[in-house]
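Student: Take a look at this one; I'll ask things after.
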Amino acid sequence: MDYGTRLIRGSCYHHREREDPSMGTARKYAVIDPATGKLDRRIFSEQAIYDDEMEKIFGRAWLMIGHESLVPAADDFFHTYMGEDPVILTRDGQGRLHALLNMCRHRGNRVVRCDDGNAKRFMCTYHGWTYGNDGALDHVPGEAEAYYGALDRPSLGLIEARIETYAGIVFATWAKDAPSLEAYLGDARWYLDTVFNRRDGGMQALGPIKWLEPVNWKTMVDNCSDNYHVPTSHLSSARVQTRYLGRPRLSHEDQFASPNKHAFVNGHGVTFREADDNAPRYVHGVSSETIRLFQEYHDTTMPEVERRLGTLRARRVQLGNHSIFPNGILGLRLALPRGPLKTEFWHFVLLDRDMPEDLRRVIRIGSQANNGAAGMFEQDDVDNWRQVTTASTSGFGRRHPQDLSMGTGHAGPHPDYPGLVSERYISENNQRLFYRRWEEFMNAASWADIPLDPIKARFDGTATMRG
Ligand code: FES
Ligand SMILES: [Fe+2]
């Protein structure tokens with residue numbers, strides 16, 4: 001491959017490849033110019049860059065892989081992915097969680113072939129090696145005869161990832177040297193708590209609905225902080241909702257005047273609303289007909305939420321669209337890479353476990369109608385992301401970088417809110433920083449080279465990492 005010379009000739013600086021003595025022949029990526037916001041389109045289409053992402057990002061980062069409520073009982077399992085690698089999330093007989101690579105240690109056959117279930121053991125259907133749900137290799141046919149008792153069975157368990165949870169959401173990483181999940185999420189948790197850590201009873205995941213999109217995985221992560229597109233891309237969908245559901249009109253004017261903000265911590269991009277004291281959170285499913293249900297729920301649960309999160313977060317901060325690095329999207333939704341030009345999308349709905357049934361139903365339907373496989377907003381979005389991805393395959397087109405210059409120089413620390421905070425709701429600050437984070441991972445030899453923002457926020461209230 002010859003990114004360097006082509007790129008430098010084509011468009012000045014973007015994707016430079018150079019030798020770094022400390023990294024052997026590893027590539028050095030410089031794909032975003034923080035001063036101008038110019039972004040190299042090649043990262044959306046080149047197979048070699050994608051292969052590097054699988055190793056340097058998906059091989060190292062803490063990845064969302066599921067939720068504890070998907071494996072509630074002993075011996076439950078749920079089949080999931082870490083990047084392209086198939087992984088079994090299990091709860092063993094003692095109630096402990098495991099993330100196990102679904103690859104038989106003999107020749108590599110998958111030992112689980114279904115989406116979920118309950119099993120103490122997994123038998124490989126090729127030659128019958130059988131593993132416990134904690135990953136240990138329990139039985140090998142012909143261990144004494146065929147292997148003459150010489151097989152080192154204890155060393156041949158399923159490969160296990162590190163696993164940690166945040167408020168019931170399960171994360172896993174292959175990196176032994178990764179920091180704790182708490183440090184990885186950092187001050188982003190200050191915002192995430194306002195959705196995922198509100199209630200004593202925790203949350204429950206429904207789903208997922210899965211579908212394939214002809215897009216690069218980063219386009220949808222980047223889009224999580226893109227409020228700029230909403231009044232244009234979603235104009236017709238929003239008009240329908242204004243007319244039939246009584247939802248507020250969407251306009252650029254309103255968005256430019258909005259006091260809402262973006263914030264960025266450790267690769268995670270959040271957008272949030274500065275809420276009125278007593279307004280319920282504005283989620284999918286809210287309409288003129290259902291607002292009463294939401295207000296009632298808000299009022300009855302507020303004392304508990306305030307105890308858990310403190311007054312500022314409980315009453316005034318409402319998390320909006322957000323992404324968790326690298327591929328977590330708007331709640332428990334996953335952009336699973338399937339090659340540079342394809343993404344498998346997993347859409348879960350997360351609901352407070354103790355929410356009244358009529359409200360659960362309203363949110364479930366609202367979530368599908370907006371962002372499910374046939375959701376009005378989802379369809380608007382995918383069409384854009386596909387065009388963005390396709391543009392990056394053109395040898396001529398990608399000589400000309402993307403422009404992510406919006407709001408350059410208009411973000412910084414804020415007295416009340418953690419992270420790097422944009423002055424306006426409409427900004428590309430989070431996107432520029434997302435691609436900077438991407439560079440940090442791609443250029444690092446190990447976790448020791450990946451910077452982490454220290455935790456500085458004040459976490460008022462009783463909520464913790466464990467819920
Ligand atoms: S590949 Fe699994 S037992 Fe041979
Ligand atoms: Fe959108």
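Student: Return yes or no: is Ala411 surrounded by 15 or more Cβ atoms within 10 Å (Cβ to Cβ), at pLDDT 95 or above and more than 16 Å from ligand 2 (Cβ to nearest atom)?
Tutor: On the way: surrounded by 15 or more Cβ atoms within 10 Å (Cβ to Cβ): yes; at pLDDT 95 or above: yes; more than 16 Å from ligand 2 (Cβ to nearest atom): yes.
Criteria met by Ala411.
Student: I'd like the full set of residues that are surrounded by fewer than 23 Cβ atoms within 10 Å (Cβ to Cβ) and closer than 25 Å to Val349 by Cβ, limited to the range 252-270.
Tutor: Within the range 252-270, Asn260 is the sole residue that qualifies.
Student: Would you confirm whether any residue within the range 93-115 is within 15 Å of ligand 1 (Cβ to nearest atom), at pLDDT 95 or above, part of a strand (DSSP E or B) and within 25 Å of Pro337 (Cβ to Cβ)? Give the steps one after another, and end with the answer.
Tutor: Residues of the range 93-115 within 15 Å of ligand 1 (Cβ to nearest atom): 100-113.
This time we only want the ones that are at pLDDT 95 or above, so: 100-113.
Subset that is part of a strand (DSSP E or B): 100-101.
Retained after the next criterion (residues that are within 25 Å of Pro337 (Cβ to Cβ)): 100-101.
There is at least one residue in the range 93-115 that is within 15 Å of ligand 1 (Cβ to nearest atom), at pLDDT 95 or above, part of a strand (DSSP E or B) and within 25 Å of Pro337 (Cβ to Cβ).
Student: Have a look at Leu158, Leu206, Leu185, Leu192 and point out the one that is out of contact with any Asp or Glu (no Cβ under 8 Å at 6 or more places or on another chain), within 16 Å of ligand 1 (Cβ to nearest atom) and modelled with pLDDT of 95 or more.
Tutor: Values: Leu206 fails: within 16 Å of ligand 1 (Cβ to nearest atom); Leu185 fails: within 16 Å of ligand 1 (Cβ to nearest atom); Leu192 fails: within 16 Å of ligand 1 (Cβ to nearest atom).
Within the list Leu158, Leu206, Leu185, Leu192, the selection yields Leu158.
Student: Name the single residue that is nearest to ligand 2 (Cβ to nearest atom) among those in the range 125-142 being in a loop (DSSP other than H, G, I, E, B) and more than 17 Å from His98 (Cβ to Cβ).
Tutor: From the range 125-142, those in a loop (DSSP other than H, G, I, E, B) are 125-129, 133-136, 140-142; that's our starting set.
Imposing the further condition that a residue be more than 17 Å from His98 (Cβ to Cβ) reduces the set to 125-129, 140-142.
Working: Thr125: 42, Tyr126: 44, His127: 48, Gly128: 49, Trp129: 46, Val140: 51, Pro141: 53, Gly142: 56 Å.
For the range 125-142, the residue satisfying everything is Thr125.
Student: Here is a list: Asn227, Asn216. Which entry is more than 24 Å from Phe196 (Cβ to Cβ) and in contact with a helix residue (DSSP H, G or I) (Cβ under 9 Å, 6 or more places away or on another chain)?
Tutor: Details: Asn227 fails: more than 24 Å from Phe196 (Cβ to Cβ).
Checking each option against the conditions leaves just Asn216.
Student: Which ones in the range 148-201 are assigned to a helix (DSSP H, G or I), within 28 Å of Leu420 (Cα to Cα) and not aliphatic (A, V, I, L, M)? I'd like the intermediate steps shown before the answer.
Tutor: Filtering the range 148-201 for residues assigned to a helix (DSSP H, G or I) gives 153-156, 181-185, 188-196.
Narrowing further to those that are within 28 Å of Leu420 (Cα to Cα): 181-185, 188-196.
Correct list: Glu182, Tyr184, Arg189, Trp190, Tyr191, Asp193, Thr194, Phe196.
Student: Taking the range 306-335 as the search range and keeping residues that are aliphatic (A, V, I, L, M) and in a strand (DSSP E or B), which one is surrounded by the most Cβ atoms within 10 Å (Cβ to Cβ)?
Tutor: Going through the range 306-335, the residues aliphatic (A, V, I, L, M) turn out to be 309, 312, 314, 317, 319, 324, 329-330, 332, 334-335.
Filter once more, keeping what is in a strand (DSSP E or B): 317, 319, 324, 329, 334-335.
Working: Val317: 22, Leu319: 21, Ile324: 29, Ile329: 22, Leu334: 23, Ala335: 25.
Step by step, filter the range 306-335, then rank; the result is Ile324.
Student: OK, next. Just to verify a result, which residue in the range 41-90, among those that are part of a strand (DSSP E or B) and of a type in the set (Val, Ile, Thr), is farthest from Trp217 (Cα to Cα)? Quick ask: steps written out before the conclusion?
Tutor: Start the filter on the range 41-90 by keeping residues that are part of a strand (DSSP E or B), which leaves 63-67, 76-82, 85-90.
Going one step further and asking which of them are of a type in the set (Val, Ile, Thr), we end up with 65, 80, 87-88, 90.
On the way: Ile65: 16, Thr80: 17, Val87: 19, Ile88: 22, Thr90: 26 Å.
Per the criteria, the residue is Thr90.
Student: For the range 25-48: of the residues being crowded, with 20+ Cβ neighbours inside 10 Å and either of a type in the set (Val, Ile, Thr) or modelled with pLDDT under 95 (or both), which is nearest to Glu428 (Cα to Cα)?
Tutor: Residue satisfying both the conditions and the ranking: Ile32.
Student: Answer yes or no: is there a residue in the range 275-293 that is crowded, with 16+ Cβ neighbours inside 10 Å, touching a Gly at 6+ places or on another chain (Cβ under 8 Å) and over 22 Å from Ala369 (Cα atoms).
Tutor: No, every residue in the range 275-293 fails to be crowded, with 16+ Cβ neighbours inside 10 Å, touching a Gly at 6+ places or on another chain (Cβ under 8 Å) and over 22 Å from Ala369 (Cα atoms).
Student: Across the range 116-127, which residue is nearest to Ala73 (Cα to Cα) among those that are more than 6 Å from ligand 1 (Cβ to nearest atom) and surrounded by fewer than 20 Cβ atoms within 10 Å (Cβ to Cβ)? Step through it out loud before you land on a result.
Tutor: If we filter the range 116-127 for residues that are more than 6 Å from ligand 1 (Cβ to nearest atom), which is where we start, we get 116-123, 125.
Those still in the list that are surrounded by fewer than 20 Cβ atoms within 10 Å (Cβ to Cβ) too: 116-121, 123, 125.
Values: Asp116: 12, Gly117: 10, Asn118: 8, Ala119: 11, Lys120: 12, Arg121: 15, Met123: 20, Thr125: 25 Å.
Residue satisfying both the conditions and the ranking: Asn118.
The values are calculated or read from the model by the stated rules, or taken from the named source; none is laboratory data. Computed from a predicted structure; not experimentally measured. Glycine gets a Cβ as well: all are built from the backbone with ideal geometry, and neighbour counts include every protein chain shown.
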